[in-house]
Amino acid sequence: MIATASDTGTFVPRVELGAWVESAIDWMTDTFDPVFDAVKTFFESIYDGLEWVLSTPPFFVVALVLAALAFWVKGWKLGVGTLLGFCLVAGMNQWDNAMESLALVILASAVALLLGIPLGIWAARNAHVSRVVRPVLDFMQTMPAFVYLIPTVVIFLTGPVPGIIATVIFAIAPGVRFTELGIRQVDAEVVEAGRAFGSTDRRILRQIQIPLAMPTIMAGINQVIMLALSMVVISGMVGAGGLGNDVVAALQRVDVALGFEAGLAVVILAIFLDRVTAALADRAPVAKALRATR
Amino acid sequence: MTADTSTTPTPDQPAGVAPAVSVRGVYKVFGPKPAEAVRRLRAGASRDEVKNLGTAAVIDASFDVAPGEIFVVMGLSGSGKSTLIRMLNGLWTPSAGDVVLGDANLATVDGKRLRELRRTRVSMVFQHFALLPHRSVLDNAAYPLEIQGIGKAERQRRASEALDMVGLGGWAESLPSQLSGGMRQRVGLARALAADTDVLLMDEAFSALDPLIRSEMQEQLLELQAKLGKTIIFITHDLNEAMHLGDRIAVMRDGRIVQIGTAEQILSDPANDYVEKFVADVDRSRVLTAASVMQRPRVTLSIGSGPRLAAREMRDADVTSAYVVDRTRVLKGLVHAEAAVPAVREGVEKLEGLVDPDVVAVHQDTPLAELFAPAAGTSVPLAVVDDGGRLVGIVPRVTLLEAMAPADNGDGSDDAEVADGTAPDGAAVETTAPTEGAPA
């Protein structure tokens, strides 16, 4: 340590970036404490509500509802697969954990999309915004995921809320990127047509750009949800609850059996969420129209 | 461009009628310093000299388009024609100059007024159709009316009418992806027609279509134009298309309009080497019309005259048949020498009974391409008539074949001869008769 410091110290002074960030976080914690409290209460109450809805009914009722959803968006195969998968989750005694994780994923994804899609639209329409947003997203995506957990724990302590916030930060990038890409990829001539017939920009966005970009935006939504699920597991480290808790516990105790069961439950949840959102993407009007043949 | 080519009034542009679209000294420069680039271009700088100030897409364009005219802007890719047409509905704002649509100058109107003008005055057809893939054909055609704020029932009724007009009546509920390219462009056309604007901009509208479909669409456009009398500004890189459709054609090169004129003017009197080279391989059979190749008949007989006079005139002119007209020069038929000569011996007084009314006559505006079939079906020269059925000239088969050969002997004097010798005014046609009767 000392040798390293003396090696470089003559040329580059120690840059105390970490310390600065820490004091910035400390300052924020002190100054905006009431705001953070409000945010925490807000997210906690929504999470509790969601979790209550998913966990209170007997497992087979929820499993049947989710299977019915899968059947409706895709078909009977996915419906049956969903039912069997969730029965297995219940059989492994991971049902309550899985529902907690599902609630976390739904909430974090919803927040990420609520912020990410409008930001993506803005970036698609404004080159300056795009230039700023792109490196920020790069930073957020490449920073090791659990590093986000540290400041969120400082601010929100433990529990589901730091997990949700860290998940939102981690998962938002594809929501922004795919939305921007999708809107930029819309055939310029079709947008021109809207303009040529006297449509306003807002109306072109609503009637042309968003519908035509929808298949790409849906792919982004799918990615957001997948990233959210992986982060929700990592946030088990801060006691966010759900399957992540058991995964972390299994790691600490080197408990192969528990690790496998919790891990498999994550996989089943992931497959369910992926297939359902992919099927939803296929149901977008433009995707349907492009598949139609003579 | 030089002022004389841009502002020379052309004969078919009616004087005194306010132009539907008027473009005056328009420049469009894309880049960091458009104003400076325009100033230098005006001072005589070339396009390359202002390259570091921006890309000069359109340089000093000026022209008027009369109501009901089809005005074609022709040029290769990069010549600035797409940029030019996009300034006619304000998709691009000119860097300098005025674009006047009726009474509004698009260079200066605000956004709200511009949108209103687009809704009510000018619509557009796009090269790759630009339809909304998730909407039915009917909803696509109704789109401009939706933007205009017209109620659903009314706009669907008007969109159906427009679809009927382009022959897509039965496809209202289909999606664009279920149609062929030609049908999709018909939807694009129906959409523009449904908007019911006076001015129609067509940006390479038929360029993405197969040749057969393309000429079908061209015919349909001409038919619709004859019926609806829209002012059409048509962009194309295809000279044949330009010559076939355009009342007048503006040829663009490197951002400048190098010549404006009718198809025949451009073909017979190209403004410079570039235009001349460009028109060298045009399909002349579709550009030149019967009127441009026809000749004066050597003998024309009056229906009131007798067989004796007819026989003598045919003998003097060394022909075996002659067309017969009435006092107003309306074509009545044909008299053969082998009918006239025996009639003289039999003492027949009137020519009337000898006239064969079953003759092949073509309209003077018929393109050469459409003269071959009638010419093949008759042994005498084709009779060319005007709108009133009056005989204005004849087209012997030899002339038809000669006209197909492009100018190959250097100075292009053939062109001039064909074009100039063509339009004998109907009134001055003398009494002379068809030559070379039947050389099959």
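Observations on the model:
A quick yes/no check of all residues on (1) buried (at least 23 other Cβ atoms within 10 Å of the Cβ); (2) under 26 Å from A:GLN209 (Cα atoms); (3) in contact with a Phe, Trp or Tyr (Cβ under 6 Å, 6 or more places away or on another chain); (4) among the aromatic types (Phe, Trp, Tyr):
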{"position": "A:PRO58", "(1), (2), (3), (4)": "no, no, no, no"}
{"position": "A:VAL62", "(1), (2), (3), (4)": "no, no, no, no"}
{"position": "A:GLY75", "(1), (2), (3), (4)": "no, no, no, no"}
{"position": "A:GLY81", "(1), (2), (3), (4)": "no, no, no, no"}
{"position": "A:GLN94", "(1), (2), (3), (4)": "yes, no, no, no"}
{"position": "A:LEU102", "(1), (2), (3), (4)": "yes, no, no, no"}
{"position": "A:VAL105", "(1), (2), (3), (4)": "yes, no, no, no"}
{"position": "A:LEU114", "(1), (2), (3), (4)": "no, yes, no, no"}
{"position": "A:ALA124", "(1), (2), (3), (4)": "no, yes, no, no"}
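- Residue that is nearest to the other protein chains (Cβ to nearest Cβ) [pool: residues in the stretch A:265-280 that are surrounded by fewer than 19 Cβ atoms within 10 Å (Cβ to Cβ) and touching a residue at least 24 places away in the same chain (Cβ under 8 Å)]: A:LEU280
- Any hit, the stretch A:208-216, residues being within 12 Å of another protein chain (Cβ to nearest Cβ) and closer than 22 Å to B:ILE150 by Cβ: yes
- Unique match (being more than 23 Å from A:PRO174 (Cα to Cα) and touching a helix residue (DSSP H, G or I) at 6+ places or on another chain (Cβ under 6 Å)) among A:LEU273, A:LEU251, A:LEU243, A:LEU280: A:LEU243
- Residues that are facing another protein chain (nearest Cβ under 7 Å) and aliphatic (A, V, I, L, M) within the stretch B:115-150 comprise B:MET124, B:ALA130, B:LEU132, B:ILE147, listed in sequence order.
- Of all residues assigned to the stretch A:245-254, none qualifies as being within 14 Å of another protein chain (Cβ to nearest Cβ), of a type outside the set (Val, Ile, Thr) and in contact (Cβ under 8 Å) with a residue 40 or more places away in the chain.
- Filter result for A:ARG283 (of a type in the set (Lys, Arg), touching a residue at least 40 places away in the same chain (Cβ under 8 Å) and on the phi < 0 side of the Ramachandran plot): yes
- Subset tally (residues that are more than 21 Å from A:ALA108 (Cα to Cα) and either of a type in the set (Phe, Trp, Tyr) or in a helix (DSSP H, G or I) (or both)) for the stretch A:39-69: 8
- Residues of the stretch B:45-71 satisfying the condition of being among the small types (Gly, Ala, Ser) and on the phi > 0 side of the Ramachandran plot: B:GLY54, B:GLY68
- Pair list, Cβ under 8 Å, 6 or more apart: the stretch A:72-93 residue outside any helix (DSSP H, G or I), other residue surrounded by 13 or more Cβ atoms within 10 Å (Cβ to Cβ): A:LYS74/A:ARG275; A:LYS74/A:VAL276; A:LYS74/A:ALA279; A:MET92/A:GLU261; A:MET92/A:LEU264; A:MET92/A:ALA265; A:ASN93/A:GLU261
- Residues (among the polar types (S, T, N, Q) and in a helix (DSSP H, G or I)) located in the stretch B:209-238: B:SER215, B:GLN218, B:GLN220, B:GLN225
- Check on A:ILE164, part of a helix (DSSP H, G or I) and either of a type outside the set (A, V, I, L, M, F, W, C) or more than 11 Å from chain B (Cβ to nearest Cβ) (or both): yes
- Index of the failed condition, B:PRO367 passing every other in (1) over 30 Å from B:ARG284 (Cβ atoms); (2) within 39 Å of the chain's Cα centre (by Cα); (3) surrounded by fewer than 19 Cβ atoms within 10 Å (Cβ to Cβ): (1)
- Just one of the listed residues (A:GLY175, A:GLY241, A:GLY259) is on the phi > 0 side of the Ramachandran plot, away from every other protein chain (no Cβ under 14 Å) and either aliphatic (A, V, I, L, M) or in contact (Cβ under 8 Å) with a residue 12 or more places away in the chain (or both), and it is A:GLY241.
- Cβ-Cβ under 6 Å pairs, at least 6 apart or on other chains, the stretch B:383-402 side not assigned by TED's automatic domain parsing to the domain that holds B:TYR323, far side hydrophobic (A, V, I, L, M, F, W, C) and part of a strand (DSSP E or B): none
- Enumeration of residues in the stretch B:19-66 that are surrounded by fewer than 19 Cβ atoms within 10 Å (Cβ to Cβ), of a type in the set (Gly, Ala, Ser) and without any contact (Cβ under 8 Å) to a residue 60 or more places away in the chain: B:GLY31, B:ALA43, B:GLY44, B:ALA45, B:SER46
- Residue satisfying condition, being among the aromatic types (Phe, Trp, Tyr) and surrounded by fewer than 17 Cβ atoms within 10 Å (Cβ to Cβ), within set B:TYR323, B:TYR274: B:TYR274
- Look at (1) surrounded by fewer than 18 Cβ atoms within 10 Å (Cβ to Cβ); (2) more than 12 Å from chain A (Cβ to nearest Cβ); (3) more than 23 Å from the chain's Cα centre (by Cα) and you find that B:LYS112 fails only one, number (2).
- The stretch B:239-253, residues that are outside any strand (DSSP E or B), touching an Asp or Glu at 6+ places or on another chain (Cβ under 9 Å) and either basic (Lys, Arg) or closer than 13 Å to B:LEU76 by Cβ (or both): B:LEU239
- Restricting the search to helices (runs of 4 or more DSSP H) fully inside the stretch A:182-264 and requiring at least 1 residues that are surrounded by 23 or more Cβ atoms within 10 Å (Cβ to Cβ) gives A:188-196, A:210-234, A:243-253.
The values are calculated or read from the model by the stated rules, or taken from the named source; none is laboratory data. Computed from a prediction, not measured in an experiment: that's the story for all the values here. Cβ: placed from backbone, ideal geometry, glycine included. Neighbour counts: every protein chain shown.
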